[in-house]
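The structure under discussion appears below in the form of structure tokens.
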């Protein structure tokens, strides 16, 4: 092993914590939510004022609550209630879904990006 | 009508150099390891020991950057053809990693002074490899900021595995040089 090897090893190990801090820092706050449901239902709602939204789904209405720039499911006709247990969404890019009811929510920071392989 | 016996059979002869044969043999070794490695299940998706890169680093130390670059790129090409992933996302990821690490190795091997041993090369190549793959994944497949949250974890693994591979290379190079001295 040469001196250059040791220098690279030390730099790599020293920079690693910085990479963790940089990539794991707090995300940016979302400013809008896109709600989609069955039958091409799609709505984009700003998160700046508090409200309750009813979304028609396959089983019945999913009820969403917007408060303090966050959004969550509060009522759902599904049996598992995973959607309610996902809790509040507030960071750009977060998603939650109620699969039995076919209701999807994604929050974003204004510019919409893709979240899967696109062609 | 011409007599078929007077016609000489058509022959195409490709002139190959010693270098070409060497590249072909070494690529075959790298492809074999690549195939073997693709059969090993990993405990975390995205983490691979990168054993085929041991061949690339060893070739770099023994025969120089040009041969190593050929072996690295051909390994990805032939490996993807044999595994049936040619031009698929898997192939793009593989290729971007190989291109990134080969470029990094070019920089590293042109350093003045004593330069790096196999450990330094392997570590740099592993880090360049994972970074190249992340850039490719982000630009082509998953343009979502959340992808980068995975980067530190995989970079840590790259550093650990890069160093382990480097140590294997170092021992391999020492043995190869010892046998070369004995036979000559």
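Conditions tested, residue by residue: (1) closer than 29 Å to residue B:153 by Cβ; (2) surrounded by 19 or more Cβ atoms within 10 Å (Cβ to Cβ); (3) touching a residue at least 12 places away in the same chain (Cβ under 8 Å); (4) within 13 Å of the chain's Cα centre (by Cα).
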residue	(1), (2), (3), (4)
B:53	yes, yes, yes, yes
B:61	no, yes, yes, no
B:64	no, no, yes, no
B:67	no, no, yes, yes
B:73	yes, no, yes, yes
B:78	no, no, yes, yes
B:81	no, no, no, no
B:87	yes, no, no, no
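Candidates B:132, B:166: the one that is more than 10 Å from chain A (Cβ to nearest Cβ), assigned to a helix (DSSP H, G or I), in contact with a helix residue (DSSP H, G or I) (Cβ under 8 Å, 6 or more places away or on another chain) and under 21 Å from residue A:8 (Cα atoms) is B:132.
So, residue B:97, is that one over 16 Å from residue B:165 (Cβ atoms) and either within 12 Å of chain A (Cβ to nearest Cβ) or touching a helix residue (DSSP H, G or I) at 6+ places or on another chain (Cβ under 9 Å) (or both) or not?
no
Residues in segment B:137-158 that are under 17 Å from residue B:45 (Cα atoms) and touching a helix residue (DSSP H, G or I) at 6+ places or on another chain (Cβ under 7 Å): B:137, B:138, B:141, B:147, B:148, B:149, B:151, B:152, B:154, B:155, B:156, B:158.
Taking the conditions (1) at positive phi; (2) in a helix (DSSP H, G or I) in turn, residue B:70 satisfies each one other than (1). Within the set B:147, B:105, the sole residue that is part of a helix (DSSP H, G or I) and touching a residue at least 40 places away in the same chain (Cβ under 8 Å) turns out to be B:105.
Given the criteria more than 11 Å from chain A (Cβ to nearest Cβ) and either touching a residue at least 24 places away in the same chain (Cβ under 8 Å) or buried (at least 21 other Cβ atoms within 10 Å of the Cβ) (or both), does residue B:181 qualify? Spell out the reasoning first.
Values: more than 11 Å from chain A (Cβ to nearest Cβ): yes; either touching a residue at least 24 places away in the same chain (Cβ under 8 Å) or buried (at least 21 other Cβ atoms within 10 Å of the Cβ) (or both): no.
No.
Results for (1) under 20 Å from residue B:77 (Cα atoms); (2) more than 8 Å from chain A (Cβ to nearest Cβ); (3) at pLDDT below 95, shown as yes or no for each residue.
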site: B:102; (1), (2), (3): yes, yes, no
site: B:110; (1), (2), (3): no, yes, yes
site: B:116; (1), (2), (3): no, no, yes
site: B:143; (1), (2), (3): no, no, yes
site: B:147; (1), (2), (3): no, yes, yes
site: B:153; (1), (2), (3): no, yes, yes
site: B:157; (1), (2), (3): no, yes, yes
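Of everything in segment B:25-47, what is touching a residue at least 40 places away in the same chain (Cβ under 8 Å) and within 20 Å of residue B:172 (Cβ to Cβ)? Give them in sequence order. B:26, B:27, B:30, B:31, B:34, B:35, listed by residue number. Just to be sure before I move on: is residue A:103 buried (at least 21 other Cβ atoms within 10 Å of the Cβ), in contact (Cβ under 8 Å) with a residue 40 or more places away in the chain and within 14 Å of another protein chain (Cβ to nearest Cβ) in the structure I sent? No; evaluated as a whole, the condition is false for this residue. One residue stands out in segment B:76-91 among those that are in a loop (DSSP other than H, G, I, E, B) and more than 14 Å from chain A (Cβ to nearest Cβ): the one that is farthest from residue B:38 (Cα to Cα), namely B:86.
The values are calculated or read from the model by the stated rules, or taken from the named source; none is laboratory data. Keep in mind that this is a model prediction, so the values were computed, not measured. Using ideal geometry, Cβ is built from the backbone for each residue, glycine included, and neighbour counts are taken over all protein chains shown.
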